[in-house]
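> This is the structure I have questions about; it appears just below.
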Amino acid sequence: MSVQQARLREPGSHEVDKQLLPGSTFAQATAAVASIAAKEAVDVDRDARFPKAAIDAARQQELLGAQIPIAFGGQSASIFDITDMCYALGRACSSTAMIFAMHQTKVACLVRHGTGSAWHEALMRRVAAEQLLLASSTTEGQNGGNIRSSAAAVECTDAGISLLRNATVISYGAEADGIVTIARRANDAASSDQVLVAFTKDNYTLTRSMEWETLGMRGTCSAGFELKATGSSEQVFPEGYDKIHAQTMTPVAHLCWSSVWAGIAAAAVERAQAFIRKAARGSGGQMPPGAAHFTTAKMSLTKLRAIITATLDSYAAIEHDDRALSSLDFQSSINLLKVEASELAVATVMSAMRACGLSGYRNDGDFTVGRQLRDVLSSPLMINNDRILSNIATASLMSGVPATLRD
């Protein structure tokens with residue numbers, strides 16, 4: 001088992017060689033944020049409010065800019081560091097963790113595809129220095145989660161560029177310091193001919209068009225907005241979105257999201273374990289009826305963590321190989337990670353609830369897993385699993401079946 005796998009597989013275990021602040025490691029900084037996130041998680045969920053205290057703590061610990069290269073004022077955090085953070089935060093507060101994961105996906109795009117562009121390098125410096133929070137605008141109009149099709153187009157004028165977008169979902173859009181959005185390259189471009197554009201808060205206005213009253217993930221505040229933005233042509237990423245999508249957006253998003261879901265599942269399993277232990281002590285060591293469900297939950301969590309860490313290692317091995325990242329095999333595997341991780345996370349939390357019985361079903365008490373279940377149920381719907389499976393069907397048919405375990 002690799003060092004990276006060990007880190008994700010053992011809750012609370014992290015490498016301690018990289019420094020964030022004097023005397024503070026990534027793990028310690030994340031733990032500080034997670035502690036604050038856990039304290040406000042119930043209120044964030046109940047009131048569907050942005051987890052301001054937790055995100056402010058992430059700013060204070062300089063985690064929002066951790067992925068920015070050292071040359072631009074950041075900490076050069078790796079994908080292993082970032083997913084560890086997502087996992088730890090997922091155990092504390094699902095909404096905080098998902099906001100963090102979405103932000104880090106945008107930062108990853110900025111780092112990989114903005115280096116060499118003066119405007120984007122300046123934005124990297126701002127993210128590191130000011131700990132800016134970046135939101136994502138990919139869902140539009142009636143396209144649902146079809147990210148590879150855009151209706152709104154970037155319009156070029158003598159003054160620069162403008163964009164008017166019916167963004168039916170912008171998670172934490174009202175709280176963000178900037179928005180990274182996809183759009184058609186021009187008015188006469190095909191819906192799949194897309195670019196990625198970064199706008200800072202002084203570049204755009206948001207007019208709320210939809211509210212966010214949901215079963216779970218309530219604190220992400222993923223309302224709908226009309227996004228009206230203006231800026232300079234330099235704010236368009238120099239590389240086409242097709243490349244950004246394959247090399248960075250999809251793999252980083254799916255790895256970070258999956259780590260959040262694994263963290264949520266781990267929190268539920270931890271509560272189930274505490275319940276079973278207490279019940280066993282109270283009955284003189286006799287296992288309660290839910291013990292078998294706890295075993296199922298524990299096995300499911302182990303499998304979930306294993307597929308994430310295996311995919312992390314695969315991604316890290318080809319992270320700088322453009323051709324390998326765009327290959328059918330890798331694209332299929334990174335999309336299937338999202339599908340399998342989301343389904344396993346739901347199954348794990350459900351087993352944990354059954355282990356706890358009524359104590360898990362209740363919304364009060366020490367063993368409630370209601371919030372974790374409601375939050376994790378969003379996972380198969382974030383870019384719907386059915387859409388993903390349908391989209392990769394052809395690629396799966398073209399990909400060979402491995403002949404050995406190591407192929």
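The values are calculated or read from the model by the stated rules, or taken from the named source; none is laboratory data. Predicted model only: the values in this text are computed from it and were never measured. Glycine also receives a Cβ, built like all others from the backbone with ideal geometry; neighbour counts cover every protein chain displayed.
> Which of the following residues is within 30 Å of Ala310 (Cα to Cα) and either part of a loop (DSSP other than H, G, I, E, B) or more than 18 Å from the chain's Cα centre (by Cα) (or both): Ile55, Ile68, Ile82? Let's see the steps before the verdict.
On the way: Ile55 fails: either part of a loop (DSSP other than H, G, I, E, B) or more than 18 Å from the chain's Cα centre (by Cα) (or both); Ile82 fails: either part of a loop (DSSP other than H, G, I, E, B) or more than 18 Å from the chain's Cα centre (by Cα) (or both).
Within the list Ile55, Ile68, Ile82, the selection yields Ile68.
> Please go through segment 116-171 and pick out each residue that is of a type in the set (D, E, K, R) and part of a loop (DSSP other than H, G, I, E, B). Steps first, please.
If we filter segment 116-171 for residues that are of a type in the set (D, E, K, R), which is where we start, we get 121, 125-126, 130, 140, 148, 155, 158, 165.
Once the filter is applied, which keeps residues that are of a type in the set (D, E, K, R) and part of a loop (DSSP other than H, G, I, E, B), segment 116-171 yields Glu140, Arg148, Asp158.
> While we're on this one: Select from segment 309-325 the residues that are β-branched (Val, Ile, Thr) and within 18 Å of Ala108 (Cα to Cα) and write down the one among them that is farthest from the chain's Cα centre (by Cα). Talk me through it step by step, then tell me what you get.
So the first thing to find is which residues in segment 309-325 are β-branched (Val, Ile, Thr), and the list is 309, 311, 318.
Subsequent filtering for residues that are within 18 Å of Ala108 (Cα to Cα) retains 311, 318.
Values: Thr311: 15, Ile318: 20 Å.
The selected residue is Ile318.
> Any residue at all in segment 350-368 that is touching a residue at least 24 places away in the same chain (Cβ under 8 Å), under 21 Å from the mean Cα position of the chain (by Cα) and in a loop (DSSP other than H, G, I, E, B)?
No; the residues of segment 350-368 include none that is touching a residue at least 24 places away in the same chain (Cβ under 8 Å), under 21 Å from the mean Cα position of the chain (by Cα) and in a loop (DSSP other than H, G, I, E, B).
> While we're looking at this one, here's another question. Is there a residue being in contact with a Lys or Arg (Cβ under 7 Å, 6 or more places away or on another chain) and assigned by TED's automatic domain parsing to the domain that holds Gln273 anywhere in segment 329-349? Spell out how you get there, then give the answer.
The initial filter retains those residues of segment 329-349 that are in contact with a Lys or Arg (Cβ under 7 Å, 6 or more places away or on another chain), namely 344.
After this cut, where a residue has to be assigned by TED's automatic domain parsing to the domain that holds Gln273 as well, the list is 344.
Within segment 329-349 (the criterion being in contact with a Lys or Arg (Cβ under 7 Å, 6 or more places away or on another chain) and assigned by TED's automatic domain parsing to the domain that holds Gln273), the answer is yes, since at least one residue qualifies.
> Identify, please: which residue in segment 220-244 is part of a strand (DSSP E or B) and among the small types (Gly, Ala, Ser) and is, among those, farthest from Leu89 (Cα to Cα)?
The initial filter retains those residues of segment 220-244 that are part of a strand (DSSP E or B), namely 224-231, 236.
Now restrict to residues that are among the small types (Gly, Ala, Ser): 224, 229, 231.
Numbers: Gly224: 25, Ala229: 32, Gly231: 34 Å.
For segment 220-244, the residue satisfying everything is Gly231.
> Moving on to the next point. Taking the condition in a strand (DSSP E or B) and touching a strand residue (DSSP E or B) at 6+ places or on another chain (Cβ under 8 Å), does Thr181 pass?
On the way: in a strand (DSSP E or B): yes; touching a strand residue (DSSP E or B) at 6+ places or on another chain (Cβ under 8 Å): yes.
The answer is yes for Thr181.
> Okay, next question. Which numbered condition trips up Met382, out of (1) under 25 Å from Ser137 (Cα atoms); (2) buried (at least 22 other Cβ atoms within 10 Å of the Cβ)?
(2)
> Considering Lys278, Lys303, which residue is farther than 26 Å from Gly173 by Cβ, part of a helix (DSSP H, G or I), out of contact with any Phe, Trp or Tyr (no Cβ under 9 Å at 6 or more places or on another chain) and of a type in the set (D, E, K, R)?
On the way: Lys278 fails: out of contact with any Phe, Trp or Tyr (no Cβ under 9 Å at 6 or more places or on another chain).
Every option except Lys303 fails the conditions.
> Return a yes/no flag: does segment 5-16 have any residue that is modelled with pLDDT of 95 or more, part of a helix (DSSP H, G or I) and farther than 23 Å from Arg125 by Cα.
Applying the first criterion (modelled with pLDDT of 95 or more) to segment 5-16 yields none.
Scanning segment 5-16, I find no residue that is modelled with pLDDT of 95 or more, part of a helix (DSSP H, G or I) and farther than 23 Å from Arg125 by Cα, so the answer is no.
> Could I ask something else about it? Kindly indicate whether Asp84 is in contact with a His (Cβ under 8 Å, 6 or more places away or on another chain) and closer than 26 Å to Glu270 by Cβ. Steps first, answer last, please.
Details: in contact with a His (Cβ under 8 Å, 6 or more places away or on another chain): yes; closer than 26 Å to Glu270 by Cβ: yes.
Answer is yes for this residue.
> So Lys106 fits all but one of (1) under 26 Å from Glu62 (Cα atoms); (2) surrounded by fewer than 20 Cβ atoms within 10 Å (Cβ to Cβ); (3) among the basic types (Lys, Arg); (4) touching a strand residue (DSSP E or B) at 6+ places or on another chain (Cβ under 8 Å); what number is the exception?
(2)
> Further, regarding this structure: What number goes with the only condition from (1) within 22 Å of Asp202 (Cα to Cα); (2) surrounded by fewer than 24 Cβ atoms within 10 Å (Cβ to Cβ); (3) among the small types (Gly, Ala, Ser) that Ala167 does not pass?
(2)
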